[in-house]
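A short write-up of the structure that comes next.
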């Protein structure tokens, strides 16, 4: 079973996975789908039809507007915003108030393990790659590659991060394309501006099968 605070506003049409917690004053709209063991913090907003993977955390007062899609293990920091309107206007050119039918929502897509820092803004349409990190206060206006460390307004890549979230380092004497996580020791390879996990050495010894 999950948990829904008495002051939270969760639509009866929303689907919550096992163990998911919705805290005080949060709102989860119609047809939103949240996976297992998610956390939606105080005052956060999850829009209509938003899709959220297992083990995702949406911190206090973050705004996740439809049609956003979040993968497994995504972190959305406090007061971060995922927008959905490329050309926002309150009124039409003739001065009439815009309705829900006068614009086309566009979404932010965030892949597995990525993190969006406090008060960062992701301007839709944009995709944030696997395990990327968006620094606090950054404004993302372009797609972000896997493992990228992004900061600034507009956000630009200032480095790479590993799955642990720590910035990667180049080892002394290692090829320029090889990066290592100082926390886990995991290795990564950079090629053509993209980063991927380094393939395991097939000649390395393993405990399995050893005498």
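Here are some notes:
- Note on the chain: antiparallel DSSP beta bridges, both residues inside, total approximately 25 percent of the bridges counted.
- A crude spin-label estimate for the pair residue 101 and residue 158, with each label 7 Å from Cα along the Cβ direction, gives 4.7 nm.
- Extension gain, residue 171 to residue 91, is 23.3 nm, computed as 0.36 nm per intervening residue step minus the present C-alpha separation.
- Per-peptide packing, taken as the mean over residues of other Cβ atoms within 10 Å, places 10-18, 79-87 in the sequence 79-87, 10-18 from highest down.
- Extending 7 Å from Cα along the Cβ direction at residue 139 and again at residue 25 yields two label points whose distance is 2.6 nm.
- Which label in (i) 12.3; (ii) 16.1; (iii) 13.2 gives the computed mean projected area of the Cα convex hull in nm²: (ii)
- Ordering 96, 133, 7 by the number of other Cβ atoms within 10 Å of each residue's own Cβ, fewest first, gives 96, 7, 133.
- GNM result for the chain, Cα springs below 10 Å: residue of 52, 91, 22 fluctuating most strongly: 91
- Residue 11-residue 184 FRET efficiency (beta carbon distance; Förster radius 45 Å; 0.05 resolution): 0.70
- Of 105, 78, 67, the one that fluctuates the most in a GNM where the chain has Cα springs shorter than 10 Å: 105
- Region 57-105 - percent relative contact order, Cα under 8 Å, separation 6 or more: 35 percent
- Backbone N atoms of region 124-153 closer than 19 Å to the 7 Å Cα→Cβ label point of residue 118 belong to residues 133-140, 150-153.
- The mean sequence distance of close C-alpha pairs (under 8 Å, at least 6 residues apart), as a share of the length of the chain, puts its relative contact order at 10 percent.
The numbers here are math on the coordinates, done by the rules we state, and not lab data. Just so you know, these numbers come straight off a predicted model, no measurement behind them. Cβ coordinates were reconstructed from backbone atoms using ideal geometry, including for glycine residues, and neighbour counts include every protein chain displayed.
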